[in-house]
Amino acid sequence: MKRLKALAVSIVLSLIISFTFLNFYINKEKKTFDLFSVKNNSIRYSDITEKYKSHDVLTKNIGKGTITLFGSSELIVTNDWKEHPFRVLDYSDLNIMQIGEGFYQSIIHAITLGSIGEDSPITTVNLILSMQWFEGIGMKPEAFQPRFSVDHLYNLYRSEKVSQETKTKIYNRILELSKSNGVVTRIVEGIKRNTRFDQFVNNLMYKKYKLIANSKFMKHYKVDYSVNEKKAPEKIDWDALRKEAISECDVDSSSNEFFMFNKYFDKNFKMKLAKLKDSAKNTKYRSEEEYGDLQLFLDVAKDLGLKVNLILVPLQGYWADYTGVPKEEIEYYYSRIREISDKNNVNLIDYSKYSYTKYFFRDATHLGRLGLLQLQEDLIKYND
């Protein structure tokens with residue numbers, strides 16, 4: 001009995017010391033981190049992985065003129081093109097906070113939105129849907145773990161607007177995807193129990209993981225204190241930009257029958273083209289797990305009182321036909337996304353009509369020069 005009491009006392013003392021220690025370093029670090037609320041777009045368009053995992057990095061750099069855009073690899077694979085938002089919407093009062101990279105899917109975005117939604121001036125959120133998310137079982141545990149942010153989880157836990165019902169569904173989904181990760185499992189179980197002792201520990205862990213997330217970002221971010229004073233024009237000449245983009249594509253996307261970016265096609269498809277014929281004939285887009293995760297994202301947005309734009313990006317039609325993607329599967333996916341949009345009363349920006357539009361795609365799935373321009377025109381149109 002005495003040993004148990006001694007153990008309990010030592011645990012409490014250890015937690016108190018840790019709490020004091022963390023408070024000291026967080027207050028010290030905060031003075032440094034405040035400098036990272038930059039007056040330019042270097043963070044908003046940054047593709048540093050650590051950016052996506054930090055609540056403070058995101059919320060400090062979402063301004064009134066910032067469009068918040070969630071997605072995956074399409075946000076970064078063309079960031080050296082002049083049609084990318086980093087070049088087109090590089091203004092102080094009109095810019096995009098891009099959130100996501102390869103293998104980011106609905107559940108990661110649901111957690112992130114629940115973390116940042118009430119701590120930034122967001123009124124509308126935009127989510128680019130990738131069809132490949134909805135293959136197989138959806139988000140795979142091995143893809144989830146390196147992209148999951150404990151910092152975002154604790155900020156979601158502390159949110160007063162996201163309902164407990166929505167939170168519990170997200171916690172359970174995290175547990176499903178973290179069966180092999182004992183640390184994450186213990187953290188989520190403590191959050192779910194939420195006893196008084198758990199609340200004390202959770203508050204301590206909230207501070208700890210905030211410090212970790214912010215410190216990792218500062219380690220990788222190349223400091224840019226420049227000031228962007230450029231103001232957006234009253235009207236952007238999208239037709240002129242499209243005309244210029246087509247001229248570029250006539251040169252860099254002209255050597256293959258699928259209107260893909262030549263360098264990508266030559267590197268990935270050219271030498272094995274015959275083998276790829278009908279190679280995708282068994283593809284299905286029926287992952288109930290991913291459709292469920294998408295619903296969680298929409299539930300979070302609803303709890304936060306946010307408008308939502310879902311952006312349906314189809315497959316590149318010519319390549320889908322060549323590789324034999326079943327038409328009935330494509331139509332099934334379209335139907336489900338339209339049904340989900342209607343059910344949740346959200347705006348669907350539907351690009352399925354552009355599936356066979358020349359130069360709309362860079363490759364088999366990612367937006368090309370014309371697709372990027374269309375996306376930005378629509379984002380401005382449908383964001384306050």
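Read-outs: derived from the displayed coordinates by stated rules, not from any lab. Because the structure is predicted, anything quoted here is derived from the model rather than measured. Every residue, glycine as well, gets a Cβ built from its backbone with ideal geometry; the counts of neighbours run over all protein chains shown.
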query = Mind checking which of ILE67, ILE107, ILE340 has the largest fluctuation in a GNM of the chain, springs on alpha carbons under 10 Å?
reply = ILE340
key: Top of ARG173, ARG44, ARG186 by mean-square fluctuation, Gaussian network on the chain, Cα under 10 Å   = ARG186
remark   = Computed for region 107-210: size of charge dipole around the Cα centre, +1 on C-beta of each Lys and Arg, -1 on C-beta of each Asp and Glu, debye to nearest 20, value 340 debye
Residue order, fewest to most beta carbons within 10 Å, for PHE258, PHE360 = PHE258, PHE360
query = Antiparallel DSSP bridges in the chain: what percent, to the nearest 5?
reply = 5 percent
ask   = Top mean-square fluctuation among VAL300, VAL201, VAL188, Gaussian network model of the chain, C-alpha springs under 10 Å?
value = VAL201
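Label region 218-265 by shape, choosing from rounded, prolate and oblate, from the square roots a ≥ b ≥ c of the eigenvalues of the Cα gyration tensor; if a/c is under 1.5 it is rounded, and otherwise prolate applies when a/b is larger than b/c, oblate when it is not.
Values: a/c = 4.89, a/b = 1.49, b/c = 3.29.
Because a/c hits 1.5 or more and a/b fails to exceed b/c, region 218-265 counts as oblate.
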Span from the region 151-195 Cα centroid across to the region 49-111 one, whole angstrom = 24 Å
query = Are there any helices in the chain, counted as whole DSSP H runs, that stretch 27 Å or more along their axis by Cα and score at least 0.0 on average by Kyte-Doolittle, and if so which?
reply = 2-33
remark   = Options (i) 16; (ii) 26; (iii) 37 for percent of Cα pairs over 37 Å apart; the value derived from the coordinates is listed as (ii)
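Would you work out the relative contact order for region 250-329, in percent, from Cα pairs under 8 angstrom that are 6 or more residues apart? Don't jump to the answer; show the numbers that get you there.
Details: 46 pairs, mean separation 31.5, N = 80.
Reported relative contact order: 39 percent.
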task = Just subtract the alpha-carbon distance of LYS270 and GLN145 from 0.36 nm times their residue separation and send over the number in nm, one decimal.
result = 41.6 nm
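Got a sec? How would THR365, THR123 order by Cβ neighbour count within 10 Å, fewest to most? Spell out each step's value before the answer.
Numbers: THR365 19, THR123 12.
Neighbour counts put them in this order, fewest first: THR123, THR365.
Could you pull out the pairs from LYS82/LYS230; LYS210/LYS231; LYS169/LYS208 whose alpha carbons sit more than 23 Å apart here? Don't skip to the end; give the middle numbers.
Details: LYS82/LYS230 17 Å; LYS210/LYS231 33 Å; LYS169/LYS208 25 Å.
Cα-Cα > 23 Å for LYS210/LYS231; LYS169/LYS208; rest within.
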task = Please give the FRET efficiency for PHE200 paired with ASP93, using the beta carbon to beta carbon distance and R0 = 30 Å, rounded to the nearest 0.05.
result = 0.10
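Averaging sequence separations of C-alpha pairs under 8 Å and six or more residues apart, then dividing by the length of the chain, give the relative contact order as a whole percent.
Details: 550 pairs, mean separation 88.2, N = 384.
Relative contact order of the chain: 23 percent.
What does the convex hull of the Cα atoms of region 37-149 come to per residue, in Å³, rounded to a whole number?
Details: hull volume 11.0 nm³, N = 113.
Enclosed volume per residue, from the Cα hull, is 98 Å³.
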